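Encoded as structure tokens, the structure appears first; notes follow it.
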């Protein structure tokens, strides 16, 4: 009896809930809306011609002459007649031993008063060093060795400052030569790298 009463109460609750829902629906007003659909006519497609202009540019590498001017400026401010405290002479600061090794036997006065001879000596030294360091240039050019990008002009500039042997030592084991003024060989490799030399 108790069970039936609970069942009856549950049914009553469901019926009351349903009745409430239906009552709410009966008193709720619904509005209908009319939506106007406008048909759009497609417009003709206009083709606008676009002209593509290709700009060409040429990557110009510094030249042999620019290399000589740059290294001459670093050595002596391009002064053919200067002699430094260590006895190095002219625009490119040649020592007597280097000149003798190139077969140039002249006095200091003759050398510093002859710009053509100084330019000839520089060309001879660059050519000589290139020949001696050719294998190393071929092997390392374009690579970063001990933090320095290796180029032919950079190697030859370093050889001008430090000699071929010190360039080899740097490429092999990272030894960095410094001259009497404290100038590091690697500064020449960096500053004078990337020139095209005619040798």
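Values in this text are rule-based calculations from the coordinates and carry no lab data. Predicted model, so just to flag it, every value in this text is computed and none were measured. Reconstructed Cβ throughout: ideal geometry from the backbone, glycine too, with neighbour counts over all protein chains shown.
Each 10 Å bin from 0 upward holds the following percent of the Cα-Cα pairs of the stretch 64-191: 13, 46, 33, 9, 0.
Placing a pseudo-label 7 Å from each Cα along the Cα-to-Cβ vector at residue 84 and residue 55 gives an inter-label distance of 4.3 nm.
Would you mind ranking 48, 71, 137, 150 by Cβ crowding within 10 Å, fewest neighbours first?
48, 137, 150, 71
Counting neighbouring Cβ atoms within 10 Å and putting the fewest first, the residues 140, 188 line up as 140, 188. Using a cutoff of 8 angstrom between alpha carbon atoms and counting only pairs six or more residues apart, the relative contact order for the stretch 64-191 works out to 15 percent. So what is the relative contact order of the stretch 57-119, in percent, for Cα pairs below 8 Å that sit 6 or more residues apart? Here the relative contact order equals 25 percent.
Each of 144, 52 was scored by other Cβ atoms within 10 Å of its Cβ. Listed from fewest to most, they are 52, 144.
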